[in-house]
Amino acid sequence: MQCDSQSWSRAGVRVVLVPTMGALHAGHEALIRRARKLAGRGGMVVASVFVNPAQFNNARDLRAYPNTLAADKKLCRAEGVDVLFAPRTLYAGNASVAIEETDVSLGMEGASRPGHFCGVATVVVKLFNLVRPDAAVFGAKDWQQSALIKRVVRDLDLPVRVVVEPTVREPDGLACSSRNFLLSAAERRRATVLWRAIGLARKAARSGGLRGLKQKLTLFIEQQTGARVEYVEFFDEQTLKPMKPGKGARLALAVFIGKTRLIDNARI
Ligand code: AMP
């Protein structure tokens, strides 16, 4: 990968990277389309598929993660990806260097999944060093992750433009996610509770019913059979610091539907 990217760099070819963990869906597709536009006709779009063990804090979760590489290849070809980079591993057996961010990554996903963002930051920097992209495209679906990547790029002076694409949703509002493949038909119907909770929060912000909103949302979600809230958080979308619910805040949710953990976020 690095040999190719070095030769593109020498030839002045623009390179745009879309990092993923595979099991590609309409959300990834939107990122790839954006990458295709950013790269232009002469540029290279690289999509990476790597289920990064370092970002899983739970072995069962890693084992259960869907793998659909043959279908991913087809989707990449159809969307004009030039290179699908799907390494079997990216780490030396005794790898001992990792990247720690200590501000935007501490709350929410960082608090719920110890070590997760260290794994994310490290693998993304490794991918940047291998692919040497001019730009990389991430999804707003993982808002905190994109904030983390922007911070890593800023603080380590990485020569990469970070582009964030809006969340792609199913017609019933459920954010597209590789983890949706793990839901049974009944769970898939129940999973719309995340989007319905976002709707409820928006309604409360319009009508001024903000007192106890976090608790109300938790109760609302947990009324749904098989749903368990891990966190409901309102935060400032730039600093990622918690803030009072209200207009301009962003709401993030992490909810188990059965055994599958789903996250979503939206501006209120
Ligand atoms: P993943 O394969 O889940 O690690 O995601 C790879 C990239 O796709 C990340 O930048 C995600 O934020 C992004 N992504 C995942 N789901 C969506 C979605 N529904 N809409 C937009 N981007 C997404």
Q.
Averaged across orientations, what area in nm² does the convex hull of the alpha carbons in the chain project?
A. 14.5 nm²
**Q.** At 0.692 mPa s and 37 °C, Stokes D of the stretch 5-77 from Kirkwood alpha-carbon radius, µm² per second
**A.** 240 µm²/s
(Q) At 25 °C and a viscosity of 0.890 mPa s, what translational diffusion coefficient does Stokes-Einstein give for the stretch 46-187, taking Rh as the Kirkwood radius over Cα pairs? Give it in µm²/s as a whole number. (A) 147 µm²/s
Q. Given +1 on the Cβ of Lys and Arg, -1 on the Cβ of Asp and Glu, and no further charges, what dipole in debye does the stretch 1-94 carry about its Cα centre, rounded to the nearest 20?
A. 200 debye
Q: Let me have the relative contact order for the chain, percent, based on Cα pairs under 8 Å that are six or more residues apart.
A: 18 percent
Q.
Give me the percent relative contact order of the stretch 151-268, please, defined on Cα pairs under 8 angstrom at least 6 residues apart.
A. 21 percent
Q) So, counting K/R as plus one and D/E as minus one, what does the shell of residues with Cβ under 12 Å around Phe50 add up to? A) +1
Q. Taking springs between alpha-carbon atoms closer than 10 angstrom, which of Val137, Val46, Val193 fluctuates most in the Gaussian network model of the chain?
A. Val193
Q | Neighbourhood net charge (14 Å Cβ-Cβ; Lys/Arg +1, Asp/Glu -1) for Gly115 | A | -3
**Q.** Debye, to nearest 20: dipole size of the chain, +1 on Lys, Arg Cβ, -1 on Asp, Glu Cβ
**A.** 760 debye
Q. In whole percent, how big is the carbon plus sulfur part of the accessible area of the chain, probe 1.4 Å, protein atoms only?
A. 51 percent
Q. Which value, in Å² rounded to 10, gives the accessible area of Arg190 with a 1.4 Å probe and all protein chains present?
A. 80 Å²
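From the C-alpha gyration tensor of the stretch 123-268, pull out the three semi-axes of the equivalent ellipsoid (sqrt of 5λ each), sorted largest to smallest, in whole Å. Write out the running numbers ahead of the final one.
Details: eigenvalues 173, 79, 28 Å².
Value: 29, 20, 12 Å, ordered largest first.
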Q. Can you tell me the Rg and Dmax of the stretch 215-268, counting just the alpha carbons, in angstroms?
A. 11.7, 34
Q. For the stretch 28-96 and the stretch 164-235, what is the separation of their C-alpha centers, rounded to whole Å?
A. 27 Å
**Q.** the chain - accessible surface per residue (Å², probe 1.4 Å)
**A.** 50 Å²
Q. If the limit is 31 Å between Cα atoms, which of Lys126/Lys216; Lys73/Lys259; Lys37/Lys203; Lys73/Lys203; Lys141/Lys259; Lys141/Lys214 go over it?
A. Lys126/Lys216; Lys37/Lys203; Lys73/Lys203
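Given a 1.4 Å probe and heavy atoms of the protein chains only, how would you sort Ser96, Ser5, largest accessible area at the top? Intermediate results must be reported in sequence, preceding the final value.
Working: Ser96 110, Ser5 0 Å².
Descending accessible area places them as Ser96, Ser5.
The values are calculated or read from the model by the stated rules, or taken from the named source; none is laboratory data. Model, not experiment: these values are computed from the prediction. FYI the Cβ positions are ideal-geometry reconstructions off the backbone, even for glycines, and counts take in every protein chain you see. When the accessible area is computed, the model is the full protein with side chains, heavy atoms only, and any ligands, DNA or RNA have been set aside. Shrake-Rupley method; radii C 1.70, N 1.55, O 1.52, S 1.80 Å.
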